[in-house]
Structure formats: C-alpha cells, structure tokens
Amino acid sequence: MTQSNEHQYSNGITDARTLGWPKTILLGLQHTFAMFGATVLVPLLTGLNISTTLLMAGLGTLLFHIITKGKVPAFLGSSFAFLGGYAAVAPLQNGHPNTEMLPYACGGVLVAGFVYVVLATLIKFFTIEKVMRVFPPVVTGPIIISIGLILAPSAIKNAQTDWLLAIIALASIIFFNMWGRGMAKIVPIILGVVIAYAVALLMGRIDFTGMSRQSLVALPPIMMAKFDLSAIITITPIALATMMEHIGDISAIGATTGNNYIKDPGLHRTLLGDGLATMMASLFGGPANTTYGENTGVLALTKVYDPLVIRIAACFAIVLSFIPKFAFIIETIPAAIIGGVSLILYGMISAVGIRNLVENQVNFKNTRNTIITALILVCSLGFNQIGGLSFKVAGVNITLSGLAIAAIVGIAANSLLPGKDYLFSEEGEDEKFQTFKI
C-alpha cells in the first residue's frame, strides 16, 4: 500500500484494488449480502416484484455514484419509510399484490423522488441552513414515529397466521442483533428469516409448487407507474422524513470514512442522486431507494471505504435480478415469518423517530415542541383510523392519508408558532442534526 494510490482515514483503505481483485470482489459480495435482507423484504411487504426491486437497487446505486462523482461509498436499497404509503394506496389483498393500485402507489413514490430533486436544487442555490429550517427534528421525528405505529396492525395480522414461525423469526433477530458477532450482528434480519424458513421447511409449511415453471434466466418484469392525485398527496409527504434520513445517513458515512460528503461532493448531489434513483425505480415498478445504514455498518467493520466495492455489490444485485428461480424461493417465505420480522421492524421505525428527537435534544419543556408533536401524532393515527380525509377539488376526488395530514399540519405549526430553538449546521463534525436509517 503506497500513499500515491491510497489515502487513509481512521486506518481505512480507500483503494480496494491494492488488496487484489479477488478480495475486492469478495468485499463487494459482502455488501450485497448486507443489503439483501432488507431490500427484498420491502417487495414482500408491498407486493412489488423482487427481481425488479433488485434490478432497480443495483441500477439506482450506480446512478447515485455517477451523480456523486463516485466519491460516496453508499448503497441504495429499498426504503421502509414508504411502506405506510403503499399500505394506504395499494394494500395487500389476502396476502397477494394489489395489482390494480400498485402502479398508482409507484406514481406517488415517483413524485416523492422529485421532491428530492427540488430540495437539491434549492440547496444548490440557497444555503442548506435556510432550506432545512422547514424540516426540523420536531417535525420529522414524530412523522417517523407515526409511520411505524400505522404499520403495526399489519405486522400482527401476518404474524397471527402462525405464531410459532413469527416468534422464531422475532427471537432470532433479537438474539443476533444483541449478541451476534461480526457479520451476524450486521444482518440479523436475514438470519432471522433463514432460521424461521428452515423451521418452516422441517414442518412442511413451504410450497414449492411452480418452481419447475420458473426460468433460470429472464428479464425482470416491468410495471410502469401510473398517476392519481390522491395517491400522490398520500405518499409525497413521506419524502419529508426520508430526506432527513438521507442527510443522517450521509453524515454517518462521512463520520465512518473521515470525509465530509455534505460539502464534497455536496448534499445537493447526494440528494439528487437519491431522488433520481427513486424516480427511476418507481417508474418501472420498483420501490423507493434510500441510502442503506446496513452497508455503512460493513464499512465500519471492514474499514474498506472504496466506493468501488459498493458498485461491485450493485452489479451483483443486477445479476440476481435476472434469475427468476431465486426470486421464486424468496416469495415462498410464509406470511407469518414476514409478520415476525415486521413486529420488530415496524417498532424499530418508531424507535428511530424517538431516537431522532433524543439525539437532536428536542426540548419538550418548550410548549411549541410539545404542541407540534401532539398534533402530528394525533392527526396521523386518528385520520388513518377513519381512512383519511376525502374531498373534491374541481371535480377531482382527493384523499389525504393520516400521514399526509400530519405532515402538512406539522410543517404549518412549525412555521407559525413562535419560539423556534433549532439550528442546522452543515459541518460534519459539528452536525447537530442526526437521524438514522429506516
């Protein structure tokens, strides 16, 4: 290793080629393994196609690296934050995809991705501090909490189909997350699914009927997005939370590698890359993309910070998307296992929202912060319980979901109520704003 071809941060390697191509490729495969469990879980929960999801994750990651000049070692996988939007617009029908409404949900996600592009443009022409005043933690934290709470009933519904499998999956995830070592601690979700799936196999709960009809190699199916105003209004506000997640992830990657990516290549580029990747994925029937904390964990574990290994992982994801038999095996996972995973996953989403508030030291002795949080939580859960708010504008039926109403109310309350006590700093080492992966 020479200083001419490698620069080190915290004893990290920034040029993986110095290790040789076999090790570099293996490191890329490890990143594929890290992102895999969470990435394929989203289509299982929404009804989207697994092969298409893997393809768009790979292509989205490569697009992100092009836009960020290949400087940021980030992988873009399926975002869990939009699960509430998919559930509201295209809920599963007896465990099967809602093929009629899924294209409209994808259309809503596409517009949400466009919000990233708008914010990236604003940051490019204005200061980050001015733009971020609209999205303080007192607004985004409760929105994230609401996402998990809204999804909770679906986790119970799936788990109750076979509580034994659900509990095995849940217990395995908790065990590896708390006491696992090395890679086992990084990928507890996929290990929980594998263990519960093995038990289901032994119990004869897996149906492989139809496996022989699956091709070994085939193009991933494409489902073009469609647009409906109600779906757009329901899903788009979720972007407020995921943009905060993105900033937190970029900060976390920077802290891991020793680089301030918010300054170079710039937050406007990382947001643009994430937004365009999400737009591309949803246009062709894939879920929203987001920077993955799982892969940041791998960076910290291996201390290999070269973005090249992430691009290799993206290529592996693309290759897997062309193997239908592989996707079929994933689709045979019983609903109870998905329910067991969701029990902890959806709770963790809400916990992330709470952590967002704590890490940013949101002062609830300040009455305005208490009022804003209260309004968001009550609107999100209350209106979700009654199916949202429906009305007509110029003869067009519009339905606002509880989450959409909560986001609108939260932003309005934060803008109108006096006594703001939050400042955003773009300096990586002085970053007051931090959020965590959903």
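The values are calculated or read from the model by the stated rules, or taken from the named source; none is laboratory data. Everything numeric in this text was worked out from a predicted model, so none of it was measured. Every residue, glycine as well, gets a Cβ built from its backbone with ideal geometry; the counts of neighbours run over all protein chains shown. For accessibility, only protein heavy atoms count, side chains too; no ligands or nucleic acids. Shrake-Rupley method; radii C 1.70, N 1.55, O 1.52, S 1.80 Å.
Taking only pairs six or more apart or across chains, which ones have beta-carbon atoms under 8 Å, a first residue in region 198-218 that is assigned to a loop (DSSP other than H, G, I, E, B), and a second residue that is acidic (Asp, Glu) and surrounded by 10 or more Cβ atoms within 10 Å (Cβ to Cβ)?
Pairs that qualify, where the first residue is assigned to a loop (DSSP other than H, G, I, E, B) and the partner is acidic (Asp, Glu) and surrounded by 10 or more Cβ atoms within 10 Å (Cβ to Cβ), are Arg205/Asp162.
Could you please let me know if Asn295 is of a type outside the set (Val, Ile, Thr), surrounded by 24 or more Cβ atoms within 10 Å (Cβ to Cβ) and closer than 28 Å to Ile376 by Cβ?
For Asn295, the condition - of a type outside the set (Val, Ile, Thr), surrounded by 24 or more Cβ atoms within 10 Å (Cβ to Cβ) and closer than 28 Å to Ile376 by Cβ - is not met.
Of all residues in region 116-126 being open to solvent by 40 Å² or more (accessible area, probe 1.4 Å) and touching a residue at least 40 places away in the same chain (Cβ under 8 Å), which is farthest from the chain's Cα centre (by Cα)?
Lys124
Looking only at region 133-147, how many residues end up being within 18 Å of the chain's Cα centre (by Cα) and modelled with pLDDT under 80?
3
For every residue, the table says whether it meets (1) at pLDDT below 90; (2) among the hydroxyl-bearing types (Ser, Thr, Tyr); (3) out of contact with any Leu (no Cβ under 9 Å at 6 or more places or on another chain).
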position	(1), (2), (3)
Thr24	yes, yes, no
Gly28	yes, no, no
Gly37	yes, no, no
Val40	yes, no, no
Thr46	no, yes, no
Thr52	no, yes, yes
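Tell me, which residue of region 66-102 that is open to solvent by less than 10 Å² (accessible area, probe 1.4 Å) and assigned to a helix (DSSP H, G or I) is farthest from Asn289 (Cα to Cα)?
Leu102
Could you tell me whether Met243 is within 30 Å of Ala159 (Cα to Cα) and not polar (S, T, N, Q)?
Spelling it out, it is not the case that Met243 is within 30 Å of Ala159 (Cα to Cα) and not polar (S, T, N, Q).
Counting only residues that are closer than 13 Å to Pro142 by Cα and either touching a strand residue (DSSP E or B) at 6+ places or on another chain (Cβ under 6 Å) or not charged (D, E, K, R) (or both), give me the helices (runs of 4 or more DSSP H) lying completely in region 310-391 with at least 2 of them.
Per the criteria, 335-359, 367-385.
Of the residues Ile156, Ile174, Ile168, Ile150, which single one is over 20 Å from Lys420 (Cβ atoms), hydrophobic (A, V, I, L, M, F, W, C), surrounded by 20 or more Cβ atoms within 10 Å (Cβ to Cβ) and modelled with pLDDT of 85 or more?
None of the others qualify; the one that does is Ile168.
Is it fair to say Asp207 is of a type in the set (Asp, Glu), buried (at least 16 other Cβ atoms within 10 Å of the Cβ) and out of contact with any Asp or Glu (no Cβ under 9 Å at 6 or more places or on another chain)?
no
Spot the failing condition for Thr302; the list is (1) surrounded by fewer than 21 Cβ atoms within 10 Å (Cβ to Cβ); (2) hydroxyl-bearing (Ser, Thr, Tyr); (3) within 30 Å of Asn49 (Cβ to Cβ), and only one is missed.
Every condition holds for Thr302 apart from (3).
Looking at Ala241, is it closer than 30 Å to Gly266 by Cβ and either open to solvent by 30 Å² or more (accessible area, probe 1.4 Å) or free of Cβ contacts under 8 Å to residues at least 12 places away in the same chain (or both)?
Here the answer is no, as Ala241 does not meet what is asked.
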